[in-house]
1. Pop the C-beta distance of residue 113 and residue 203 into the FRET formula with R0 = 25 Å and round what comes out to the nearest 0.05.
2. Could you check the simple spin-label distance between residue 1 and residue 141, using points 7 Å along Cα→Cβ, in nm with one decimal?
3. If you take every DSSP beta bridge whose two residues both sit in segment 9-235, what share of them, in percent to the nearest 5, is antiparallel?
4. Along Cα→Cβ, 7 Å out, is where each label goes; now give me the distance between the ones at residue 33 and residue 189 in nm to one decimal.
5. When a footprinting reagent is the concern and you count Cβ atoms within 10 Å, what order do 60, 148 take, fewest first?
6. For Cα pairs less than 8 Å apart in space and 6+ apart in sequence, what is the mean separation divided by the residue count of segment 9-235, i.e. the relative contact order in percent?
7. Under the 0.36 nm per residue contour assumption, what length would be gained going from the current alpha-carbon distance of residue 45 and residue 74 to full extension?
8. Given the rule -39500 (n - 2.57) for each run of at least 4 DSSP H residues, summed and divided by the residues of the chain, what is its mean residue ellipticity at 222 nm, to the nearest 500 deg cm²/dmol?
Amino acid sequence: MQRVDAPEILDSDACSPAEAQAVLEVIARVNRWFGGIATTQKMVERVARTTGINRFSLLEVAAGLGGVPHTARRNLARRGIRLDVTLVDIAPSHLPGRHSAANPAGRNQGVVADALSLPFCDEAFDLVSCSLFAHHLEPLRLRQFVNEGRRVSRQALLINDLVRHRLHLALAFAGYPLMRNRVAWLDGLASVRRAYVPGEIRSLLALDSPAAPSPRVEISRHYLFRMGVIVWKKSTGEEPAA
């Protein structure tokens, strides 16, 4: 199945702040039901096992409502792993607390910033993470994001995303009754079409320059066409810092 990089409505000016919040609520449900939260949890657990660390500061990029990192934080706490979560999103209207009765002033509960130019110093967080963001980036911009995520992280960049597949597209097409939101449904179809497959991610991150050695990358497959990509801070052949 060929990758088709089509724009999504949520990323455009055609989606009002109120509509964006409704779409993000649907995405939060999809992450709860279909492996999105579990994928991030398993990657954090993998980093914890490898490094021997049980407390991490985590920057969630393109965070939206932040449901994935915050739910993972609660679940991982029961397993002795603590996450201190910071959210960042380029759109203020995507962050939690906007346009709600509980927050009439509309104050952001996160940082507004571009994922390709994060306003943080080198190694500011143990982990940099994203969920359902990588497929929004064409290859050169995805590589740029990976470099930026590794710059800001001390241990690893975690990428939680979809796997492109014909059956996945068919399931997404049939999923409208579950979503009950036309924008979320249309964007879901676009997301599957523009998603990467593990081999594409691995090839995209392989660098040939001696001055920029390839990062150490681990890719795992998860429930219902999800993949987890751990891009370690250290390059190939180096062990992550404990």
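1. Efficiency at R0 = 25 Å is approximately 0.30.
2. 2.2 nm
3. Around 45 percent of the beta bridges assigned by DSSP in segment 9-235 are antiparallel ones.
4. It works out to 1.8 nm between the two label points.
5. If I rank by nearby Cβ atoms, fewest first, I get 148, 60.
6. After rounding, I find 20 percent.
7. Gain in length upon complete extension: 9.1 nm.
8. Per the formula, -11500 deg cm²/dmol.
Throughout, read-outs are computed from the coordinates displayed, never taken from laboratory work. The structure presented is a predicted model; accordingly, all values stated were derived computationally and were not measured. As a convention, Cβ positions derive from the backbone with ideal geometry for all residues, glycine included, and neighbour counts pool all protein chains shown.
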